Amino acid sequence: MNHFHRKESTLHCEGIALDTLADQHGTPLYVYSRAAIEGAYTGYERALAQHDHLICYAVKANSNLSVLGVLARLGAGFDIVSIGELQRVLAAGGDPAKIVFSGVCKTPDDMLKALRAGIHCFNIESEAELDMLSRVASDNGWVAPISLRVNPDVDAGTHPYIATGLKDNKFGIELDSAFDLYKKAAGLPGVEPIGIDCHIGSQILDIEPFSEAACHLAALVDQLRAAGIELQHIDMGGGLGVQYESEAVPPIADYIEALTRPLGAHNLTLILEPGRSIVANAGVLLTRVEYLKPSAHKNFALVDAAMNDLLRPALYGAWQDIVPVTASGAEVACWDIVGPVCETGDFLGKSRDLPLTAGDILAVKGAGAYGFVMASNYNSRPRPAEILVDGDSAHMARAREPLDRLWLGESPLPGAQL
């Protein structure tokens, strides 16, 4: 079901008109649909109904407390990559026993805080990290549950910045080294190998790389079992893509089948770490057209949202659909949708055929993932507010930053005249 729909020519999120939210809360403004988040999550639950599993939502995709709270109430686990994300999950009511801690550079303090919280598992990405966790855990009287993140050198065919399963990437342990490192881990104090982990990238639309990676991990599980190292789970990461434009997205059931088929009779819990596929199309960014700047060469629509609010187009060259919230009656023309930041790379979309007038509200679709979480205060711009819509109700998930919050914690030079 599409929870962003038109009613009497006006785009709504569930039961609320988006232009009403823009008028009430100002723009730029992120708007999320609770029903869309719940629907995407339960899609995974249904597809995994016949398998012992744990769905750990990737917090980095969207870490708003209201979004995390929706998922926590559904029983989700969480994939975190920082202590800040751990604290957010706990603040939102998440179960620490359902948290997996990923990331290549966990500090000793990170490890200690995660151990105290009682997380489910550490995903280890290097021998040095393994050694450090062993020392931290044993020195404090704990045994840390671990999995090794194995880099299978599988090309996921995605953008190079979000490919994570190749030898050239910083992530994980080379497949050829993993067996020996597992044997080492089995003999170290303070750690207990309970799983194996793999993550080959993001926005993947071909299921074959997932199947190839699962085959590599299944073979390693067999090798470890023959050596007396019994694991409890296999974590295949996230990565299933979404439709931003005209991409063909495989059904979740086909994705799950591609992961589970190579596992055969292995009696292992399957952990998945979806992020984008749960929240991307559950959110939009609303922005107002401030000025139109047509010319013989190119037409610019100058809007109040910028690359500091939504970085994906500038960082990845990402395409996201942009539509008017209400029909203006203007003639259709080709526009570049650009923001006020002083960078030529500050654009939300290029060469878009749209009927625009000054004052129109536009909705940038697919903005629920890697939107607000990547926002910054570049050019001393406050970050947008965030709204979570639940039926006919709008919850202020995060208020817009006031200007004076931007320099909170800074100090002028002593004696400086203010």
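Here is how the numbers come out for the structure above:
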{"read-out": "Within the chain: Cβ-based charge dipole about Cα centre, in debye rounded to nearest 20 (Lys, Arg +1; Asp, Glu -1)", "value": "700"}
{"read-out": "Among HIS266, HIS25, LEU302 - extreme Cα towards positive end, dipole of the chain, charges at beta-carbon", "value": "HIS25"}
{"read-out": "Sum of -39500 (n - 2.57) over DSSP H runs of 4+, divided by residues of the chain (222 nm, nearest 500)", "value": "-8000 deg cm²/dmol"}
{"read-out": "Shape category assigned to the stretch 34-276 from the gyration tensor of Cα positions, a/c cut at 1.5", "value": "oblate"}
{"read-out": "C-alpha long axis of helix 208-226 to longest principal axis of the chain, angle in °", "value": "20"}
{"read-out": "Listed residues TYR255, LEU220, GLY94: farthest to the positive end of the dipole of the stretch 34-276 (Cβ charges)", "value": "GLY94"}
{"read-out": "Prolate/oblate/rounded call for the stretch 1-110, Cα gyration tensor, a/c under 1.5 rounded", "value": "oblate"}
{"read-out": "Ranked packing of 64-77, 314-327, most packed first, by mean Cβ within 10 Å", "value": "64-77, 314-327"}
{"read-out": "Relative packing of peptides 329-337, 53-61 - highest average C-beta neighbours within 10 Å first", "value": "53-61, 329-337"}
{"read-out": "Inter-part distance where the stretch 197-213 and the stretch 230-250 are each reduced to a Cα centre, Å", "value": "6"}
{"read-out": "Cβ crowding within 10 Å averaged over residues, with 401-410, 299-308 ranked highest first", "value": "299-308, 401-410"}
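Bear in mind these aren't lab numbers, they're just calculated from the coordinates by the rules spelled out. All values derive from a computational prediction rather than experimental measurement. Counting neighbours? That spans all protein chains shown, and the Cβs are built from the backbone with ideal geometry, glycine included.
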